[in-house]
1. Report the label-to-label distance for R245 and H74 in nanometres (one decimal), using points 7 Å from each Cα along the Cα→Cβ vector.
2. Let me check something: with ligands and nucleic acids excluded, how do K111, K226, K454 order by accessible area (1.4 Å probe), largest to smallest?
3. So how exposed is L64, as accessible area in Å² (1.4 Å probe, rounded to 10)?
4. If each residue of separation counts as 0.36 nm, what is the full-extension length gain between E227 and N376 once their alpha-carbon separation is subtracted?
5. Which residues in the stretch 376-400 have a backbone N closer than 15 Å to a point placed 7 Å from the Cα of S153 along the Cα-to-Cβ line?
6. In this model, which of K252/K339; K132/K226; K252/K454 are farther than 25 Å apart at the alpha-carbon?
7. Can you tell me what the convex hull of the Cα atoms of the stretch 1-65 projects to on average, as an area in nm²?
8. Using 0.36 nm times the number of residues separating I389 and R41, minus their current alpha carbon distance, what extension gain do you get?
Amino acid sequence: MDRLSPLDASFLHIEDGSSPMHIASTAIFEGPPPEHAEILRMVASKLPLVPRYRQRVRFVPFELGRPVWVDDTHFNLDYHVRHTALPVPGRDVQLRNLVGRIMSQTLDRTKPLWEIWVVEGLEEGHWALICKSHHAMVDGVSGTDLLAVILDSEPEPARDNPPPWRPAPELSGPEFLGAAIAERITNPYEAVRSARSLITRPRRLVKDIASNTRGMTALASLARPKEPSSLNGPIGPHRRYTWARGQVSDVKAIRSVLGGTLNDVVLAAITNGFRELLISRGEDVERTVRSLVPVSVRKESDRGTPDNRVSGMFAELPVSLDDPVERLHAITAQLKHLKESNQAVAGETLTSLAGFAPPALLSAGTRLAARFPQRNLNTVTTNVPGPRIQLYAGGRRMLEAFPYVPLAGHIRIGVAIFSYLDTLNFGVTGDLDSNPDLDILSTGILTGLADLRKAANV
């Protein structure tokens with residue numbers, strides 16, 4: 001059986017009506033839109049490459065084991081690929097409102113955890129695909145790979161008829177429960193065997209312990225709560241969504257003049273967005289905004305595995321700094337220190353240790369952590385490099401794409417960044433009721449990029 005990892009299972013445990021845990025992208029294509037049947041043919045031809053798209057989650061009774069992926073014996077492609085249209089005139093704001101409504105709905109757990117929405121009626125004859133997948137199924141990096149797999153790399157690809165798909169027979173209730181109990185019993189042996197193999201390689205063991213110790217020390221600093229802010233608080237079931245457009249070439253030019261990495265420049269622009277948002281709300285900006293920055297720990301050998309290989313670092317965004325160059329240099333120095341401290345490696349180690357916890361305790365503990373009122377983390381900012389080749393759907397070019405990041409716990413705003421060819425686009429997710437001014441953040445990101453361009457004389 002293909003059992004979910006502790007991290008993948010946690011995304012199911014923390015999900016409720018107020019915290020749908022799916023990631024998504026909104027891709028915009030040149031027109032006219034293809035026939036719906038053509039989209040169905042495209043997706044159907046790619047299903048053999050994405051096994052998770054025909055699998056559903058099956059939960060173990062009494063939580064005696066982590067959930068497993070099983071083939072959906074009633075899989076129906078028409079259920080997952082849906083069609084809708086925007087009202088005239090089909091501007092960006094109407095598309096963003098539609099994305100917010102679609103993202104507010106949880107996925108049906110009795111079926112494979114994904115949907116694709118074909119959206120017609122955009123301005124200039126354009127149309128869009130909204131691709132929505134549960135975080136338990138895929139992290140942001142492998143999600144990028146999936147987007148490239150589902151879409152075409154040429155305008156008129158050959159469509160081979162996929163071989164007939166026959167779902168694997170599903171275990172009966174007693175067999176399923178028995179297999180989970182048997183696996184649970186054998187897990188301690190596997191853990192001891194893994195530990196023994198490490199002991200036989202003492203040099204590697206010492207190196208790993210030292211690396212994780214430095215990371216744990218860095219993580220310990222997160223125990224200090226942040227100042228009260230409107231960025232944190234209870235969230236409702238509905239989402240507000242907006243975006244901002246940038247260019248990879250601009251960010252590269254800024255980096256070449258002012259220093260830092262591409263990610264540093266992006267975070268500096270986002271810092272300005274949060275600064276302008278807090279100032280507009282009359283809040284003190286003599287502080288930092290603490291952001292979880294997810295980091296992929298996916299190895300090259302993991303590619304093609306559609307589960308989560310992600311850890312994270314915790315960055316302090318210096319919203320107190322008015323000068324754009326000072327902001328960039330402060331972020332560059334800070335992230336360099338975080339990388340040297342191996343904070344992301346330590347985060348992955350903590351997540352892996354959850355595999356030793358009984359699944360019932362893992363479930364309860366994850367739910368409790370998500371619901372406990374906290375001010376230790378203000379937001380999430382995740383930067384995912386996208387496809388570097390031209391993509392197509394139904395023979396139409398994909399022009400740009402915008403990412404979506406979910407919200408959970410008491411975090412009211414999240415920012416995702418997605419690059420495609422030379423476009424670098426920001427997707428901003430907010431709790432609907434507590435963020436009526438979310439556009440100030442997205443506009444502030446663009447202002448932050450413009451200020452950096454000016455400072456770099458780009």
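1. Each label point is offset 7 Å from its Cα along the Cβ direction, giving 4.3 nm.
2. On the way: K111 65, K226 20, K454 170 Å².
The most accessible residue leads, giving K454, K111, K226.
3. Around 70 Å² of this residue is reachable by solvent.
4. Numbers: separation 149, 0.36 × 149 = 53.64 nm, distance 0.87 nm.
Full extension from E227 to N376 adds 52.8 nm.
5. Counting only backbone N, you get 387-393.
6. Numbers: K252/K339 21 Å; K132/K226 32 Å; K252/K454 14 Å.
With Cα atoms farther than 25 Å apart: K132/K226.
7. On the way: hull surface 28.5 nm².
Mean projected area for the stretch 1-65: 7.1 nm², to one decimal.
8. On the way: separation 348, 0.36 × 348 = 125.28 nm, distance 2.18 nm.
Separation in residues times 0.36 nm, less the Cα-Cα distance, equals 123.1 nm.
The values are calculated or read from the model by the stated rules, or taken from the named source; none is laboratory data. Just so you know, these numbers come straight off a predicted model, no measurement behind them. Methodologically, a virtual Cβ is constructed for each residue, glycine included, from the backbone with ideal geometry; neighbour enumeration extends over all protein chains shown. When the accessible area is computed, the model is the full protein with side chains, heavy atoms only, and any ligands, DNA or RNA have been set aside. Shrake-Rupley method; radii C 1.70, N 1.55, O 1.52, S 1.80 Å.
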